[in-house]
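Structure first, then comments.
The values are calculated or read from the model by the stated rules, or taken from the named source; none is laboratory data. Computed from a prediction, not measured in an experiment: that's the story for all the values here. Quick reminder, even Gly has a Cβ in these numbers, built from the backbone with ideal geometry, and neighbours come from all protein chains shown. For accessibility, only protein heavy atoms count, side chains too; no ligands or nucleic acids. Shrake-Rupley method; radii C 1.70, N 1.55, O 1.52, S 1.80 Å.
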Amino acid sequence: MRKIVAVLIVVAALLPVAALAAAWQPTRPVEFVVAAGAGGGSDIFARTVQSIVVKYKLMPQPIVVLNKGGGSGAEGFVYVKSAAGDPHKMVFGTNNEWMLPLVAKVGWKYDELTPVAAMAFDEFLLWTRPNAPWKSAAEYVAAAKKRPGEIRMGGSQSKDTDETLTRMIEKAVGIKLMYIPFKSGGEAAVQLSGEHIDSNVNNPAENVGQWKGGKGTPLCVFSKSRLPAGPKVTATMGWSDIPTCKEQGIPIEEYKMPRDVFMPGGVPEGALAFYAQMFKKVSETPEWADYIAKTSQTGQYMGPAELKAFIKADEERGRQLFQEQGWLVK
Amino acid sequence: MLDNLPLLLNGFSLAVSPYNIMLMMVGVFLGILVGVLPGLGAPNGVTLLMPLTFGMNPVSAIILLTSMYWGALYGGSTTSILFNIPGEPSSVATTFDGHPMAKAGRATEALTTAFVASGFGALFGVVVVTILSSWATRFALRFSPVEYFSVFMLAFGSFVAFGGGSPIKALVSLGLGFSWASIGMDTVSGSMRLTYGFNELSRGINLLVVVIGLYGIAELCQTMQASPGTVQPVATRLSPREVLRAVLAMPRYWIALLRSACIGVWMGITPGGPTAATFMSYGVGRRFSKAGARFGTGEPQGLVSSETADQAAGSAAMLPMLALGLPSSATAAVLLGGLMIWGLTPGPALFAERPDFVWGLIASMYVSNAVCVIMALTTVPLFAAVLRAPFNITGPLIVIVCLVGAWTVGSNRTDIAMVLAFGAVGYFMSRLDYPVAPLVLAMVLGDRTEDAFRQSMILAKGSIWIFWSNPLAGTIITVALLCFALPGFTALWRLARRQFLPPPVASGR
Amino acid sequence: MKQEPGPFLSRFVVETAFALFTGAFGILIIKGALEFSVGWGDIGPEPGYFPFRVGILICLASLVNLVWAFIRHRTLAADTFLTAEQTRCVAAFAIPVVVLVGVTAVLGLYVATALYLLFTVGFIGRHRPSVTIALAVGTPVILFVLFEYVFLTPLLKGPLEHLLGWY
């Protein structure tokens, strides 16, 4: 009996400490807003996080996933921005959170949302069509130098990640490409395998199906080092056999697209800490590792402060590049 | 061609297990349910079911999800016919003849005809997929923006040019559709167009919101005004014998069935998609069918034209989705995301890499569509009975269904108000004899046509002769232009005949 | 249509009004398109190219419709668009719907649905109280179960649901 009382006293003494540690908890269903249509990269990202949170019971409230992909994701960001102070809404996106306001008239500024976490980085590769006369990125550049404005480069959307990278390549090696914007990276991949365009700069997951079927070949990856070796994708090659673009003489150190989460402005510190911690736990599960491997991304967690600094620097870089291209919106 | 047969048989052995058949029935049932509720629809339904499938084996998972998709297509036709509310964009053309039939007390016949025609379209689509899979994939690969543009023009040409009514009013309707479609992000230039600084417009205007207003709400207004106060419930015969009679009448429409199925498969494999297929099929039917003059007044062949093409396109579109990773509808885009999560890579290699999955899916399409037709037919008396309720109860309920539908499209307050605005526009348009269908077609294809044209211009550095640079695109665009010119030719022909020939004895034929 | 006494709106008025409406819309489109260049650039049509021309097309077509309405003034003016009775019927349907949309924005879909059904089925439709109550309560409940639980798609909620802690 005395023992029980003692235990109770200890528990009672510990309670405030426990309460302090778990200071903030969601009290209503949490909305995961996806700044992209159903089935896209950001959608799969959000739904994977959802399934992991549910599986490991990382949150006491249910999750509702909403797709708001209108206007290249503007719909989702505006929706979350207008819910300022609401700690039960967050938006899943990419670098379009800070890049889109630079080039298009949209209803939010990049610092009006609160960065919570970046959970993965999607790689970019230079792909070429089947039966292309060039066999390497170096030969591709040489061919483009000989025929300025003739080599066709396809990509998703205009003034978005794909065209940005294309313009960076042009600037880095002094060539001129013909950029053709499509609705999605998937569409660009199909155009590549039909040999209607010469090249594209898709993410691994967007083009791997074509690569497996011999309908498109990777030339190089825009990364500091080669991709991790996995099982072979085709009979002869795996991801790690692809040279980096720097090796191939395209001086672009690295180009990656983060998969990140934002909350509205003015949310309580405790809420921010709670979700950041939750996403950190998600990023440490085997299911997450599986998702990263299946989509050939790089798993890398960034907390709120780190992500904020990253965005500030990246936005500055983007602004400079867009200034040169004359893309900045008034 | 026939070397696919053993693969298909193997597929059947995988797909046809009691467990999978049960999944099909669950999927079809849920599909009909989400299809009946406008706005929720197939893409949302499949998205919601997706997390459940993560632990399943891919064959069972895709069977569940595709069954839901087929079910939703059937359910979408139901509301189109009974209440003039298209549950899916692809069932807009179903309202043209389906709803007049229901209003004339032929709801049972209309629903039955629609379901059987859908079943035929699906079967035709699957057979084509089975026999021509590798050829069709190679064919689809030949489509660059140049060919896309030609196909879209063909769809416009075959629908718009064959319509009647005031051409100037049709032009206004087309113009409105085009301008609404171009609101929001412009793919080719990356700028926000026609938003006038409103955040609400930056996401564009959703087709379903427009359609629920233009058809659903506008139709309600019309009904309310037509017979003051108490609208009499429509007398509908409900006996199963009525269903059977309608089924037995189907073979009479064999020409319409075959023609529409072919158009559907063509639009499913080329990038047109199901919605454009229904319009094109309806337009061609109106021009070339003997019953064409009665289209739009409750003619079963009109209903057959749109429904058959819809399902044929939906099934055939599975091919570019699996073999190229190219989604031709919103639902296909969601399914593609699912493939990735199940660890499959859509693309040319999928057929060689995972024949069990591909052929399991194709085999399941035969079975699940049979399940669909049977389950849908059993619901006919139930749904037709709804029309017997007094209209001052069903009317308000339809209003609620429209508003809920508008909300579920994008969880957005403004959509609810917009449905109302479009309802008013639709009411005035139909009262003043402005055709509404060209507007919808322009919204479906408008921005894709503009994109394809501008992409082609980038490729060609501004020369429009690129559309005749290869036989495929050249043929399609020439046929499309002929379609546009056809009304002019017929008018000239009539004029010439009147000039040089004595007037016919009796007017008409 | 029945020939009823008391034409309220002539077809001529509505025809001209709608032509003016579409014309105004066309001007709006032209204005929006002019925010961008509307020419044919070195890589084909600029972003404003098609909207600009579509706007002009709508304006011209609206003008033709307007002129045509004036030419056929005599026939159209004699043609009834809505009789007084029909106008009353349409208004009796449309005004509650407009109010419903307004109330939805404030009170959420569930409460608005209940109020709307109470009014239309009970007050306008003159159905028995039992039928009215059953519909007004049953519909939101069915919607709630169907959307919140089966489809996991939350509908628009208002202060009542907030008070009950559902959202």
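Things worth noting here:
- Failed item in (1) out of contact with any Leu (no Cβ under 7 Å at 6 or more places or on another chain); (2) free of Cβ contacts under 8 Å to residues at least 60 places away in the same chain, with residue B:40 passing the rest: (2)
- For the stretch C:113-167, filtering for residues that are of a type in the set (D, E, K, R) and under 24 Å from the mean Cα position of the chain (by Cα) leaves 1.
- Filtered residues of the stretch C:26-44 (kept if facing chain B (nearest Cβ under 8 Å), under 25 Å from residue A:179 (Cα atoms) and touching a helix residue (DSSP H, G or I) at 6+ places or on another chain (Cβ under 9 Å)): C:33, C:36, C:40, C:43, C:44
- Complete set of residues in the stretch C:70-106 that are more than 10 Å from chain B (Cβ to nearest Cβ) and buried (at least 19 other Cβ atoms within 10 Å of the Cβ): C:76
- Close contacts from the stretch A:174-185, counting a first residue that is within 11 Å of another protein chain (Cβ to nearest Cβ) and a second that is surrounded by fewer than 20 Cβ atoms within 10 Å (Cβ to Cβ) and assigned to a loop (DSSP other than H, G, I, E, B), with Cβ to Cβ under 6 Å and a gap of 6+ residues or different chains, come to A:178/A:149.
Conditions tested, residue by residue: (1) assigned by TED's automatic domain parsing to the domain that holds residue A:138; (2) buried (at least 18 other Cβ atoms within 10 Å of the Cβ).
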site: A:227; (1), (2): yes, yes
site: A:230; (1), (2): yes, no
site: A:242; (1), (2): yes, yes
site: A:261; (1), (2): no, yes
site: A:280; (1), (2): no, no
site: A:285; (1), (2): no, no
site: A:297; (1), (2): no, yes
site: A:315; (1), (2): no, yes
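Rundown of residues vs (1) open to solvent by less than 10 Å² (accessible area, probe 1.4 Å); (2) within 14 Å of chain A (Cβ to nearest Cβ), yes/no style:
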position: B:96; (1), (2): no, no
position: B:103; (1), (2): no, no
position: B:124; (1), (2): no, no
position: B:134; (1), (2): no, yes
position: B:143; (1), (2): yes, yes
position: B:158; (1), (2): yes, no
position: B:166; (1), (2): no, no
position: B:171; (1), (2): no, no
position: B:175; (1), (2): yes, no
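- For the stretch C:64-131, the helices (runs of 4 or more DSSP H) that sit wholly inside it and include 3 or more residues that are of a type in the set (Ser, Thr, Tyr) are C:109-117.
- Residue check for residue B:270: modelled with pLDDT under 90 and either buried (at least 23 other Cβ atoms within 10 Å of the Cβ) or more than 14 Å from every other protein chain (Cβ to nearest Cβ) (or both): yes
- Test: residue in the stretch C:151-160 that is on the phi < 0 side of the Ramachandran plot, assigned to a loop (DSSP other than H, G, I, E, B) and either open to solvent by 40 Å² or more (accessible area, probe 1.4 Å) or not assigned by TED's automatic domain parsing to the domain that holds residue C:88 (or both): no
- Qualifying residue in the stretch A:187-194 (condition: facing chain B (nearest Cβ under 10 Å), surrounded by 15 or more Cβ atoms within 10 Å (Cβ to Cβ), without any contact (Cβ under 8 Å) to a residue 60 or more places away in the chain and among the charged types (D, E, K, R)): yes
- Here the stretch A:40-65 is the region considered, the condition is being open to solvent by 20 Å² or more (accessible area, probe 1.4 Å) and under 30 Å from residue B:182 (Cβ atoms), and the residue that is modelled with the lowest pLDDT is A:40.
- Flag if residue C:136 is surrounded by 18 or more Cβ atoms within 10 Å (Cβ to Cβ) and touching a Gly at 6+ places or on another chain (Cβ under 8 Å): yes
- Residue selected from the stretch A:257-292 under the condition part of a loop (DSSP other than H, G, I, E, B) and of a type outside the set (Gly, Ala, Ser), by the criterion farthest from the chain's Cα centre (by Cα): A:268
- Given (1) under 24 Å from residue B:50 (Cα atoms); (2) open to solvent by 20 Å² or more (accessible area, probe 1.4 Å); (3) among the acidic types (Asp, Glu), number of the condition residue A:86 does not satisfy: (1)
- Contact map, the stretch C:57-69: first residue at the interface with another protein chain (Cβ under 9 Å from one of its Cβ atoms), second residue open to solvent by less than 40 Å² (accessible area, probe 1.4 Å) and acidic (Asp, Glu), Cβ cut-off under 9 Å, separation 6 or more or different chains; pairs are C:65/C:15; C:68/C:15.
- Test: residue in the stretch A:152-160 that is at pLDDT below 95, farther than 19 Å from residue A:254 by Cα and not in a strand (DSSP E or B): yes
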